[in-house]
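Notes for the one structure printed next.
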Amino acid sequence: PPVGPHRQQRRALRRGTEEFLAECGLEFFFADSQTVVGGRPLPPYDDYFPQLAALREAGRVEWPIRPGTSPYAIYRVSSRGGRGEATMFIRDPESALQVWSRENGYPGDPWYLEFHKKHLPGGLTLWRVSEDKSDLGAKAVYVPEQAQERAREHARHFAATVAGVLRRHQAQGGAPGVVCALYDAELLGHWWYEGPQWLSFLYPELARQQVETVTCSAYLDHHPAVKTLTLPEGSWGEGSDHRTWLNDDTAWTWERLYDSEVEFWTLVHDNPQAAQGLVGRVLCQAARELLLMQASDWQFLITSWAARDYAEQRFIAHYADFKRLLEVVQHVRTRGELEQDDWIYLASKEQQDFLFPTVERALFA
């Protein structure tokens, strides 16, 4: 593990993402452009979570340029010595900036609805972003008709941008390209209220620009990948590495996670016949708590300060439940049965955290 007293003492060869995807019958996935073609990472969330900017210089600033690659082509990904492969679509940095960025993109337009200012009581949003983007007291009244017109103009601009990107790509490489535009669904209508309107205006504009809209699977049917790459380890987070999730503020979570994994699998291996018994039932619930602990949202929320207290409390709660369930396993092994308090506790956890109903098959297959 990269943290704790056993740091870098236990080493293992990790399988590539494409191997897991192939094992599950999934044909393709998505990656940020800098992990493939190189260059400076595009900060995806800085405009929404300014605290992430503090991580920018904490690691790699730029990724090495990889000649002969393009964000408008697709590639087959395979790891040396690995089993299985998958096709990679690459997020287009040019169109991504137009939609993601509040500072440089469409959502920050002065005529759009201001997300952060609400009328109380009731929570109605009555103001627009306005020219002064920092002072909530200076926000002007929202005008829906004007916002709708701006969404229409931005749809025209986006369609023209995509068409221009594809023309340049084909002029340089001779082959038709694909622009992969990836956005969280919550951006359209939540952070950017007019996002769904923009989307409805966009499709006719793309048709006018002679840009074909297509799903990834349909594109693969007609344009299979011809080149194979190995993909370096990376992420969609700040710096395109793991600093968003692993840093001084979150190291304590990882110490508990790594120790919990070792403790859990030791118990599973020590109880190979547990599938049909009470020990197996408790271990299954412990597995659910461990999986909930491993949700990457906790570290993201801690680092971004978006809901830090909530994330820390949730992580600690799942950790405490996990530890108690392991104690319950030991009670069953030594006494052969559960006391009344343990029965009540186990039933309450099974009712509250009931996800992954087939976890038993994964543990005892």
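The values are calculated or read from the model by the stated rules, or taken from the named source; none is laboratory data. Keep in mind it's a predicted model, so treat the numbers as computed, not measured. Cβ coordinates were reconstructed from backbone atoms using ideal geometry, including for glycine residues, and neighbour counts include every protein chain displayed.
Can you name the residue in the range 237-273 that is among the aromatic types (Phe, Trp, Tyr) and surrounded by 19 or more Cβ atoms within 10 Å (Cβ to Cβ) and is also modelled with the highest pLDDT among such residues?
264
Tally the residues that are outside any loop (DSSP other than H, G, I, E, B) and not small (Gly, Ala, Ser), restricting the search to the range 246-263.
11
Filter the range 179-198 for residues that are part of a helix (DSSP H, G or I) and among the hydrophobic types (A, V, I, L, M, F, W, C); which is surrounded by the fewest Cβ atoms within 10 Å (Cβ to Cβ)?
185
I need the full set of residues from the range 83-114 which are surrounded by fewer than 16 Cβ atoms within 10 Å (Cβ to Cβ) and touching a residue at least 60 places away in the same chain (Cβ under 8 Å), in order please.
83, 108
For residue 233, indicate whether it is in a helix (DSSP H, G or I), within 18 Å of the chain's Cα centre (by Cα) and loosely packed, with under 13 Cβ neighbours inside 10 Å.
Spelling it out, it is not the case that residue 233 is in a helix (DSSP H, G or I), within 18 Å of the chain's Cα centre (by Cα) and loosely packed, with under 13 Cβ neighbours inside 10 Å.
Take residue 76 and tell me if it is surrounded by fewer than 18 Cβ atoms within 10 Å (Cβ to Cβ), among the basic types (Lys, Arg) and not in a loop (DSSP other than H, G, I, E, B).
Here the answer is yes, as residue 76 does meet what is asked.
Check whether at least one residue in the range 117-130 is in a loop (DSSP other than H, G, I, E, B) and modelled with pLDDT under 85, and report yes or no. Steps first, please.
Within the range 117-130, the subset in a loop (DSSP other than H, G, I, E, B) is 117-118, 120-123, 125-126, 129-130.
Checking which are modelled with pLDDT under 85 leaves us with none.
Scanning the range 117-130 turns up no residue that is in a loop (DSSP other than H, G, I, E, B) and modelled with pLDDT under 85.
Within the range 181-222, take every residue that is among the charged types (D, E, K, R) and without any contact (Cβ under 8 Å) to a residue 24 or more places away in the chain and give me the one that is nearest to residue 117 (Cα to Cα).
Residue satisfying both the conditions and the ranking: 186.
For the structure I just gave you, tell me whether residue 311 is in a helix (DSSP H, G or I) and modelled with pLDDT under 90.
So residue 311 does not fit the description; no.
Which number in (1) more than 25 Å from residue 164 (Cβ to Cβ); (2) of a type in the set (D, E, K, R); (3) not in a helix (DSSP H, G or I) marks the one condition that residue 221 misses?
The single condition residue 221 does not satisfy is (3).
Out of curiosity, is residue 139 of a type outside the set (A, V, I, L, M), modelled with pLDDT under 90, farther than 30 Å from residue 180 by Cβ and in contact with a Phe, Trp or Tyr (Cβ under 7 Å, 6 or more places away or on another chain)? If you could, list the steps in order and put the result at the bottom.
On the way: of a type outside the set (A, V, I, L, M): yes; modelled with pLDDT under 90: no; farther than 30 Å from residue 180 by Cβ: yes; in contact with a Phe, Trp or Tyr (Cβ under 7 Å, 6 or more places away or on another chain): yes.
Here the answer is no, as residue 139 does not meet what is asked.
So, in the range 293-317, how many residues would count as being crowded, with 17+ Cβ neighbours inside 10 Å and either aliphatic (A, V, I, L, M) or farther than 19 Å from residue 235 by Cβ (or both)?
Narrowing the range 293-317 to residues crowded, with 17+ Cβ neighbours inside 10 Å: 293, 298-304, 311-312, 314-315.
With either aliphatic (A, V, I, L, M) or farther than 19 Å from residue 235 by Cβ (or both) added as a condition, the list becomes 293, 301-302, 311-312, 314-315.
Adding up the residues that qualify gives 7.
Filter the range 315-338 down to residues that are in contact with a helix residue (DSSP H, G or I) (Cβ under 7 Å, 6 or more places away or on another chain) and either assigned to a loop (DSSP other than H, G, I, E, B) or under 15 Å from residue 291 (Cβ atoms) (or both), then give me how many there are.
The number of residues fulfilling the criteria is 8.
If residue 201 meets every condition in (1) closer than 25 Å to residue 148 by Cβ; (2) hydrophobic (A, V, I, L, M, F, W, C); (3) buried (at least 17 other Cβ atoms within 10 Å of the Cβ); (4) modelled with pLDDT under 95 apart from one, which number is that one?
Residue 201 satisfies every listed condition except (4).
Give the residues of the range 2-20 that are of a type in the set (Gly, Ala, Ser) and free of Cβ contacts under 8 Å to residues at least 12 places away in the same chain, sorted by residue number.
Listed by number, the list holds a single entry, 12.
Taking the range 141-164 as the region of interest, how many residues are surrounded by 19 or more Cβ atoms within 10 Å (Cβ to Cβ), hydrophobic (A, V, I, L, M, F, W, C) and either under 14 Å from residue 99 (Cβ atoms) or more than 31 Å from the chain's Cα centre (by Cα) (or both)?
5
Can you name the condition, by its number, that residue 131 falls short on among (1) more than 30 Å from residue 167 (Cβ to Cβ); (2) in contact with a helix residue (DSSP H, G or I) (Cβ under 7 Å, 6 or more places away or on another chain)?
(2)
Could you list, in sequence order, all residues of the range 21-42 that are touching a residue at least 60 places away in the same chain (Cβ under 8 Å), over 19 Å from residue 242 (Cα atoms) and not charged (D, E, K, R)?
21, 22, 26, 28, listed by residue number.
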